[in-house]
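Trainee: Submitted below is the structure of interest, expressed as structure tokens.
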Amino acid sequence: MISNITSDILVALVVLGVIIVIHELGHFLVAKFFGIKVETFSVGFGPRLFGFRRGETDYRISAFPLGGYVKMAGENPGDNVTGAENEFLSKPKWQRFLVAAAGPVMNVLLAVGLLTGLYIYGSEVPEGLYAVVGIVEPGSPAQQAGVQPGDRVVSIDGKKDPNWLEIESRVLINPGKSLPLVLERDGKQIETTVEPVRKGQAETGYVGMAPFVRYVVRRAWPGYPAEAAGIQAGDEILTVNGIDLRTAGHYIQEVMQGINDKTIKVTILRRPPSVAVDAGAGSDPARYGQNPAAADKDGEIKEVLVTPILQDGRKIMGIDIPPPTVKVKLGVTEAFKKSVDTNVENASLIFQVIGKLFKREASLKQLDGPIGIVRVSGQAFNLGLATLISLMAAISLNLGLMNALPIPILDGGVMLMLLVEAVMGRDLSLRIKERIVQVSFVFLLMLTVFVLYNDVLKLLPPSQPTP
């Protein structure tokens, strides 16, 4: 358990470290280009741990790795401003604007570059090209909307020909909102609406429909209950305590949380290597037909007893069940275009969430902080390099867009004040700037505390009372 947490932390530090360095490098390079003296280039905040000095700049690693900064000479009105030519405040407003904008821009470029490289190299990407419904949970909003297994999702909330990730994204951020849904069944189109319900500690949307997925184990974690019970890579999990996963209308994770027994009976299908099923490839019903049991004729049915453990407040066996994937390998132009399209789609969803938060149509519990990033980084690392790179691209895009928001203590706030001063034709007074920064700092501090509180709540078991 401890080694697993340590691994997750190390992965998160690498992910955040790369993103932070790229962000601060943007500020650094543009500042240097305009002849501004850069005194400090720091990854992390707080006391200096170690580093080196080259020229006029101290390159350092600081104690709290939750961000970073570039300190430029004469950057703040409260600094010892001498009016020297190489000070930040001595430069024209347009140059200062570009220095502030460079960090967020570099994060967006990193997101585009990572996905472009991923598509060029070619990898199994968790994307799900086949938006064909395989599971409909009984009594769920999807069933109430008339969705049936075998239906193809033609559009949802205006998004045409969505893949499963795009469907899930729209469902997650729209709890309580009726979403137009167009299905194709037996060659005919059916128009309906589905209203996601709030679910889980994050209160995200849920409709209860999913692709058909065969639960083929990619890896049994060493030292965890599944390995101890004899479950191996390549085994397909068919039932859990007698519940057939292919017809239950629930994912395996949800089924396990609803079982009160300490030890559960798991039925697995172990096939010879010659007829092994690709892990996570079951989202394409054409591979196995509409009968989920069609591929079960070759192999040995075994029953094992597993005693799950609690981790992050949830019961786990210790297995990797990869999501449905698709092989993507494109030329440079096609890869770049697909990367841009994906990032534009992700950016649109981010701004939708921000808008819903301000309008109180979405819960602040959806926000993840450092603990959440550690958790998902570890999960992405276990799912493979492609998933980790996709996560890094998403975090980098998120960081770039968040920093561009017009909050004075962020890059976007600096850009906004420069625009205001340019329109006014004069600089704001030092007193006004200090008050704006103080209020913004308090706001960000309160938001940070709230996000950390959310992170801790998500680590508690579902039955644990809220502190």
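The values are calculated or read from the model by the stated rules, or taken from the named source; none is laboratory data. Note that this is a predicted model, so its numbers are computed, not measured. Here the Cβ positions follow ideal geometry from the backbone for every residue, glycine too, while neighbour counts run over all protein chains shown.
Trainee: Suppose we keep only residues that are loosely packed, with under 15 Cβ neighbours inside 10 Å and acidic (Asp, Glu) within segment 285-311. Which one would you say is modelled with the lowest pLDDT?
Mentor: Among them, the one singled out is 298.
Trainee: Give the residues of segment 233-247 that are closer than 15 Å to residue 322 by Cα and of a type in the set (Val, Ile, Thr), sorted by residue number.
Mentor: If the condition is that a residue be closer than 15 Å to residue 322 by Cα and of a type in the set (Val, Ile, Thr), then 237 is the only one that fits.
Trainee: Quick check on my filter: what residues within segment 258-284 are at pLDDT 85 or above, closer than 21 Å to residue 301 by Cα and not hydrophobic (A, V, I, L, M, F, W, C)?
Mentor: Within segment 258-284, 263, 265, 267, 270 meet the criteria.
Trainee: Can you tell me which condition residue 430 does not meet? The list is (1) modelled with pLDDT of 75 or more; (2) more than 29 Å from the chain's Cα centre (by Cα), and all the others hold.
Mentor: For residue 430, the failing item is (1).
Trainee: The conditions are (1) within 23 Å of the chain's Cα centre (by Cα); (2) buried (at least 21 other Cβ atoms within 10 Å of the Cβ); (3) over 27 Å from residue 313 (Cβ atoms), and residue 183 fails exactly one of them. Which is it?
Mentor: (1)
Trainee: Would you check which residues across segment 25-61 are crowded, with 20+ Cβ neighbours inside 10 Å, modelled with pLDDT of 90 or more and of a type outside the set (Val, Ile, Thr) and list them?
Mentor: Matches in segment 25-61: 26, 27, 28, 31, 41, 42.
Trainee: Something else about it: Return the residues of segment 50-78 that are over 23 Å from residue 433 (Cβ atoms) and part of a loop (DSSP other than H, G, I, E, B); say none if nothing qualifies.
Mentor: Correct list: 55, 56.
Trainee: From the list 32, 37, 71, which one is among the basic types (Lys, Arg) and touching a residue at least 40 places away in the same chain (Cβ under 8 Å)?
Mentor: Of 32, 37, 71, the one residue that is among the basic types (Lys, Arg) and touching a residue at least 40 places away in the same chain (Cβ under 8 Å) is 37.
Trainee: Only one residue in 108, 43, 81 is in a loop (DSSP other than H, G, I, E, B) and in contact with a Gly (Cβ under 6 Å, 6 or more places away or on another chain), so which one is that?
Mentor: Of the residues listed, the single one that is in a loop (DSSP other than H, G, I, E, B) and in contact with a Gly (Cβ under 6 Å, 6 or more places away or on another chain) is 81.
Trainee: A further question follows. Among the residues of segment 77-90, is any surrounded by 20 or more Cβ atoms within 10 Å (Cβ to Cβ), touching a helix residue (DSSP H, G or I) at 6+ places or on another chain (Cβ under 7 Å), within 24 Å of residue 391 (Cα to Cα) and not assigned by TED's automatic domain parsing to the domain that holds residue 311?
Mentor: No - not one qualifying residue is present in segment 77-90.
Trainee: Residue 178 is checked against (1) touching a residue at least 24 places away in the same chain (Cβ under 8 Å); (2) in contact with a strand residue (DSSP E or B) (Cβ under 7 Å, 6 or more places away or on another chain) and fails just one. What number does that condition carry?
Mentor: Here residue 178 clears every test but (1).
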